[in-house]
Each structure stands twice: as C-alpha cells, then as structure tokens.
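The values are calculated or read from the model by the stated rules, or taken from the named source; none is laboratory data. No experiment lies behind these values; they were computed from the predicted model shown. Methodologically, a virtual Cβ is constructed for each residue, glycine included, from the backbone with ideal geometry; neighbour enumeration extends over all protein chains shown. Each accessible area value is taken on the protein alone, full model and side chains, heavy atoms only, with ligands, DNA and RNA left out. Shrake-Rupley method; radii C 1.70, N 1.55, O 1.52, S 1.80 Å.
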Amino acid sequence: MKKHAKTLELDQILALLAQKCACDDAKQLALALVPEPDLQLAQALINQTRDAHMLLARFGGPAFGGLLHINNALRRAQAGGVLTLRELLQIAQVLRVLRGIATWREGSAGVECCLDALFGGIQPNKYLEDAIGGVVLSEDRVADHASPALADIRRKIRQQESSVRSKLEALTRSPAYAKILQESLVTMRGGRFVVPVKAEHRGEIPGLVHDASASGATVFIEPMAVVEANNEIRVLQGKEREEIERILVALSQLAGSFYDSVAASYDCAVELNVIFAKAHLAYDMHASVPTLNNEGKILLRRARHPLISKDKVVPINLQLGFGFDTLVITGPNTGGKTVTLKTLGLLTLMAMCGLLLPVDDGSTVAVWNQVLADIGDEQSIAQNLSTFSSHMTNIISILKVANSRSLALIDELGAGTDPVEGAALATAILEALRGKGAKLAATTHYAELKAYALNTPGVENGSCEFDVETLRPTYRLLIGVPGRSNAFAISERLGLPGGVVARAQALVSGESTRFEDVLGQLEQRQHLADAARDEAERLRLQARQALEQVEQIKNEATQKQQKILEDARAAGRQIAEKAKRESYALVGELERLKKEKDSAKNIDELARRARAALKKGLDSLDDATRNPPEAEDDDYVLPRPLQIGDRVRLADTKTEAEVLELPDTKGGVKVWAGSMAMRTNASNLRLLKQKPVPLHGGKRRPKSEEPVQPCVAAETRIDLRGLPVEECLDKLDLYIDQALRTGLHEFTVVHGKGTGALRAAVQQYLRKSPYVKTHRLGVYGEGENGVTIVELK
C-alpha cells in the first residue's frame, strides 16, 4: 500500500505535517504514519485530532519546543553511566517542557477530551528538574553550591589565586623590574600564573620558564616566589575535578532512577506533538471532521486537493457507494479527471491517518484495507505520458489483491493501444474488479465505457466540465452526466480551418453524432439544474440568516424587557419593605395605646381600620413587586356568562375579585375585591381560569374565613411561659419577623426558670437563627435565668 500511497502523494502531506512538529522524534513519527484500515482505530485517530483542534481554538496549543530525545542518556544513567553536563541540561530542558504541557492542560481542565489519557501520562518531575538546575549552570560550569565541599575548594582556589596575583602584580609594579619585563601584566601559561620577561633578561628573575613568544623576544617565567602557591592551586583544582565527578555520578544515578517515568512522559509528549500538528495542519487547510464508515460509502462536499494552491483549487462534489459502486469519469484532456482521482484517493488516506479533510461539513469517507491506484508518475493536467505496458503491469497487480475492502483508482483505463481493443479491455477490467466486490473510479475517453456506464446497473457516469468558449477547464465534476471530448470545437477555436473540421464531422457516424448531441443536452440540463439548486441554496441561506437576525432581535428585546421589569420589581420591593416597616410600627403603636386605654372605643376602631388598610396596601405592594404587568386586550370578550362565585380580575386596577351579583341591564356587576364590595362594569372584568366558588348567599364571607393579622412586635418583651415548646418557637419566630420589620434591634424573651427545657429550646433556636446577632441570659434586675436578652443583626 506504500507504493499506492506515494502515487496519491500522501508522502507530501506527511511532509507538511512533519513541518508542524516541534521535535525530531515527532517529525519522524509523522513521516512514518500509515493509513489505519480498522474503523474503530481510524475513528479514534480522527477523534484525537478533532479534540486537539477544539482545544487549539479555545486555549491555544501547548508548547512542545525544547523536546529532545533523552531516552538514550537516561538509559545509560540507569545502567550506571555518568552523564555529561550537556546531557543533564537537556534532561532538565525536557522536564521543563513536560511540566509546561501538564500545566497547560490544567488550565483547560474544564473541557473533557479523548486526549486526557495522553496528558495524564505526562508526569512532571520538579524534584529532578530542580536538582539538575541547582547543580549545572551551563555545559562547562557547575554551581559553587552544588556541594559544601565544592564551595570550600573553590573558595580556597580563589584565595590562592588572589594571593599569587597580588605578589606578581607587586613585582610588575616594582621599578627594579621595569626594564626586565616586556609588559607590566600577569598572565597564565599551562594553568599557572606567569609574567612576560624580555628574553635577554631571563636570568635576572629566578623561576621556571613555561613558554616563549613566537618571535622569541619574550619568555613567560613563573617566579620562584609563587611556585609553591601555584602548586597549591593545581592541587586544589584536582580536588575540584574529583568533587565535580562525584557530584555528576550522584546526579546521574538520580536521573537514571527516573528513567521509566521520564521516558514514558516523553513518549506521550511526542505523540501529543504529532496530534496537535495535525490540528495546526487542519487550520491551514480549513479542514473539517469527516464521518467514517466501513460500508464503502464516500461523499465529499466541496472537496479541495490539499496540495493545490487555495487561490487556484476548485472544490468538487464527489460520491461513490451510494447507489453505484463504479464511477466512470470522462471528459477532455486538462479537464481535471486525474486531479479528481487523486483528490478521492488522497483524502481517503488522510482520513485513515487521522487527519481532518479540506471538505465541507457532512462529508463521509470509507475506511479500506487497501487503496490501489494506477496513476502514472508523469501524469499531469496537460498530458498523459504513461505507456500501455506500465498501465497493464499496475492493473495486473491490482487485480491480484483487490477484494470487497479495496478502493481502486485507475487513470486512463485501456489507453495506449488500439481504441477498439482498449475499450473492450477496459470494460473487462471494470467487470473483473466489480466481480471482486471492489469500489472503483476510473477515467477514460472511450465512448464505449460511457455507454457501458449508462446501461449497467451500479455503474455511473461522471464528467469534468470544459468551457469551449474560453478553452479552459472548469474542473467541476458532474455526477450522472457522461463527458464530451469537444475535440471539434477545441480544434476550430484554436484555428483549424473550418473545412477540415466540417470534413471530420462528416466522417463521424450518425450514431456517434446523435450520442454526442444527447450528451450535450444532458450537460445543458445539468447546468440548469445546478443553477436552480445553487439559487435555492442561496435563498435558503438568506432565509436562515434573516430568521437568525429576527431571533437575535427578539432575544435582545426580551432581555431588555426582563431587565426593566426586574429593576422595577426591585424598586417596588424596597418601597414595600419600607412601607411595611412604617405600617407595622404604626399598628404597634396603636395596639399599645389600645392596651393603655381599653375604654376608648375610638382607639379600638382606629386600630381595626389601620389593620385593614395595612393589609390591603401590603397586598397591593406585594402583587406589584411579585407579578409583572400584563398587557390588557381592549377587544377582550368574556368566554361565557358570569356566574356568582367566579374569580375575575379588574382590568383597570389589576386586582382579583369574586362575583357577588350577576350583571344588571346596564352591565353593572357587584364584586368583592380585597376587603370591600364594589360595583364595576362587566367589560372591566377578565374571567380567570378557576372554577366558581359559591359564596355564602352572595354575601361577604364569614369573619372566620378572613386572613388573620399576625401579631406585631409592639413591645420589647415576649412571654412564652405556659406554652408547649413547638408553639413557643413558632410564636418566637413570628415575633422576630415583626421585630425586623419594625426596626427593633433588642428584646427580651421570658421563658421562666422551671425545669430549663423551654430555656434550652429557645437558646438552641436562637443559636441557629441567621437573624440573631447575640443572645445571653438575664442578670440581676433583668430576670436572671428566667429571661434571655436577644440582639438582632
């Protein structure tokens, strides 16, 4: 299959994929990709690329730059070898990249994908990374703090070097040696500090000669005064090398102990690098996710050959396996037949490799055991250079291996020999491949194959368009229409004398002429059908866009209306709460006056009226803040005659009421709204969807059925003695509610001493209440353990 994949130019696609990879191992893995014939495995590869494509769009891709092949170094360290500083730095670099990949995935952890197993296989090793980073500074430098011994040795070396340099600098500054020295500087030769001395004065400074200049005019002498100090430096440098070697041995052993986890993490990172390279390539190709199947069905919507420039490629629609298993593509040279075959084969192989395809959504690709291609190496859009023998050799090999799980693509079937024999041979080859169950697409110029496709079930014609006026191919593929050669029209357009063309037309048999005319009519009808379909698609898209705009405007209007209503309800709730607090305070004051002056009937009547007014006002406020206003229908008509007990809504006040009397001759209706009876016109009533509830003889309901006003926190003391615990807690809860409404911040609960059960229940309730700031038992003068002082928030 490798040969056929190369014929279809899969290797060039894999080369583009390798360019998207960040490390050498990932590039090699990309170049080594082979099409996966198993449907489940191929679907898994597609899913990986799909999820990487999604993550790339939402979060950007992880950074794979810096991945290096370190498995060999780690394996050697595991076996006891000593790693170089360069190898240790590379390991630390890879560990940083692995940690970065894991951190990137943590930043996108809210999105589940099928790549989590690979991301989970990456195990960051900050311990080893820091251990190497704390020791190795560069490829030739170990940090002083790599070990206490190394730090001490280097400190001594610096001290010795400073001492030697000081002595030699004193010598160079001495006037006695000014004429002897070539330059007043201290340099090094062979790792030892020396001074440059003129050759003719070399005997005037006792010491060891380590080097001479190229001209021989200068010798580099180590004065005897610093020989011992230089020797000490060399000894310390030897100890330094030994300590560094010991440190590298220990660090190599540490790195080798993590070989398994680091190598496994590296392999996962390499695989992820290839997957995300596929996603990057999909973005470059404007690719989409195809649907895979193993039923031999192919449907490509607006497929583009990925190796043709985006500015030049013409999308094609192509199908195979839907009602027919063989596609015979005809048309003139340079019409795009070969490109069509290569597009079909290449996109199939790409999908089997887990690559997204440059097609529109809704495309379907089959998975095959073999994709077999007979397309000459020298094939081009302009001319066919393949020979008959080379074609036959390829076709023979295809016939040997083809089966029901094969896709065969044959270019210029039967070409390169006598047309009669070639057409017969081509027909026989198609029948042989179909007999093996293979799906196939073939290109040809033979009219016999066009007729074969027209007359044989399961075989369909296809043609590549050619514009005779411009002598240029359109590269559009038409399924169901056989192609025309257009040889006469092209020749005349190019300048062939009209007489020659007319004579050629006369030599063509009448049957062939009629066949070509029929093809022309079919092609014209196909153009009209395509134009109608394109226009219908354009109108459908316009309608869809208009609908989306209407929905967007509707949603924006609804959101704006909801915000206005919410703001209005919030303001209403604030007003209602304020009114409730003030009203309850007023009622509380009236209750207090009533208790002080029980004989004053006017005070009692005032309190009763105040409570009624309070309830009516609070109910209206609650309704206003709870329910948004509804638009009234001016053309509303009662669905049926009113009955006594019907629940209705007054259109002008938006309040609910009950019908007390039936409408009179003028339409007047007596209703009970809130706490009073009133008359209104029947046109002002909106019937609610409740069943009629008969009233007591059409009169006001008994007092026992009216809602009971809650007790009001008029005093700063509540007495719970003598009541069951549950009733006490209910009463206390109601009292706290009224206290909050009236702005009361502190009050006294009288529970008595007794057995202490009620006191314990009250204090447990107060501890759990979210409205209580503090509570405590009373002190002397307040009631001691018989009361609890409560402070509200």
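In the context of the full set of protein chains, residues of segment 202-320 present 47 Å² of accessible surface per residue (probe radius 1.4 Å, heavy atoms only). The HN-Hα couplings worked out from phi for segment 221-226 by the Karplus form 6.51 cos²θ - 1.76 cosθ + 1.60 (θ = phi - 60°) are 10, 9, x, 4, 5, 10 Hz, whole numbers, x standing for Gly and Pro. For segment 722-793, carbon and sulfur atoms together expose 52% of the accessible surface, with a 1.4 angstrom probe and every protein chain in place.
Per residue, segment 1-99 exposes 49 Å² of solvent-accessible protein surface, assessed with a 1.4 angstrom probe and all protein chains in place. Residues whose amide H lies under 5 Å from that of LEU372, counting only those 5 or more places away or on a different chain, are LEU407, ALA408, LEU409; hydrogens are built 1.01 Å from N in the peptide plane.
For segment 1-146, the alpha carbon convex hull comes to 160 Å³ per residue, rounded to a whole number. Plainly put, segment 712-776 has a radius of gyration that is 0.93 times its Kirkwood radius, both from alpha-carbon atoms, as the Rg/Rh ratio. Hey, if you drop one equal point scatterer on each alpha-carbon of segment 303-345 and run the Debye formula without solvent, what base-10 log of I(q)/I(0) do you get at q = 0.13, 0.19, 0.30, 0.32 Å⁻¹? Here log10 of I(q) over I(0) equals -0.31, -0.64, -1.21, -1.27. Distance between the C-alpha centres of segment 646-679 and segment 71-97: 92 Å, rounded to the whole angstrom. Dimensions of segment 148-205 along the principal axes, based on C-alpha atoms and rounded to the nearest Å, stand at 47, 22, 15, largest first. Placing a label point 7 Å from the Cα of SER174 along the Cα-to-Cβ direction, the residues of segment 199-235 whose backbone N falls under 12 Å of that point are 204-207, 223-226.
Residues whose amide H lies under 5 Å from that of ALA212, counting only those 5 or more places away or on a different chain, are PHE220; hydrogens are built 1.01 Å from N in the peptide plane.
Rounded to the nearest Hz, the phi-derived 3J(HN,Hα) couplings of segment 94-110 under the Karplus curve 6.51 cos²θ - 1.76 cosθ + 1.60 (θ = phi - 60°) are 5, 4, 5, 5, 4, 5, x, 5, 5, 5, 4, 5, 4, x, 10, 5, x, where x marks glycine and proline.
Label segment 264-303 by shape, choosing from rounded, prolate and oblate, from the square roots a ≥ b ≥ c of the eigenvalues of the Cα gyration tensor; if a/c is under 1.5 it is rounded, and otherwise prolate applies when a/b is larger than b/c, oblate when it is not. Oblate is the answer for segment 264-303, as a/c is 1.5 or above yet b/c matches or exceeds a/b. Within segment 174-220, all pairs of alpha-carbon atoms sorted by distance into 10 Å bins from zero give the percentages 29, 62, 9. Tell me the label-point distance for the pair THR755, LYS6, using the 7 Å Cα-to-Cβ offset, in nm and rounded to one decimal. Between THR755 and LYS6, the label points sit 10.0 nm apart.
Between rounded, prolate and oblate, where does segment 8-60 land on the alpha carbon gyration tensor, with a ≥ b ≥ c its root eigenvalues, rounded for a/c under 1.5, else prolate if a/b exceeds b/c?
Here segment 8-60 falls in the oblate category.
Value of Rg to Rh for segment 70-153, rounded to two decimals, is 1.10; Kirkwood radius and Rg both from alpha-carbon coordinates.
Work out, step by step, the length gained on full extension between SER257 and HIS69: first 0.36 nm times the residue separation, then minus their alpha carbon distance; give nm to one decimal.
Working: separation 188, 0.36 × 188 = 67.68 nm, distance 1.74 nm.
Between SER257 and HIS69, full extension yields an extra 65.9 nm.
Convex hull volume of the Cα atoms of segment 115-270, normalised per residue: 145 Å³.
Here the 3J(HN,Hα) profile of segment 388-400, calculated from phi with Karplus coefficients 6.51, -1.76 and 1.60 at θ = phi - 60°, is 4, 5, 5, 4, 5, 4, 5, 5, 4, 5, 5, 4, 5 Hz, Gly and Pro shown as x. The slack in the chain from LEU454 to VAL550, taken as 0.36 nm per residue of separation less the alpha-carbon distance, amounts to 29.7 nm. Amide H contacts for ARG647 (H built 1.01 Å from N in the peptide plane; partners 5 or more residues away or on another chain; cut-off under 5 Å): LEU688, GLN690, VAL693.
Take the Cβ atoms of ASP116 and LEU307, set R0 to 22 Å, and the FRET efficiency comes out at 0.05.
Leaving out ligands and nucleic acids, note down the accessible area per residue over segment 717-758 with a 1.4 angstrom probe, in whole Å².
On the way: 2270 Å² over 42 residues.
Per-residue accessible area for segment 717-758 comes out at 54 Å².
Sorted largest first, the spans of the alpha carbon positions of segment 236-364 along the three principal axes are 87, 32, 21 Å. Projecting the alpha carbon convex hull of segment 120-161 along each direction and taking the average yields 3.8 nm².
If the chain linking ASP144 and GLN562 were pulled fully straight, counting 0.36 nm for each residue of separation and taking away their Cα-Cα distance, it would gain 143.6 nm.
Would you mind telling me the share, in percent, of accessible area of segment 228-305 contributed by carbon and sulfur at probe 1.4 angstrom?
On the way: 1610 of 3340 Å².
That fraction is 48 percent.
Structure note, pairs LYS3/LYS400; LYS563/LYS793; LYS167/LYS198; LYS2/LYS27; LYS3/LYS342: Cα-Cα distances above 23 angstrom occur for LYS563/LYS793.
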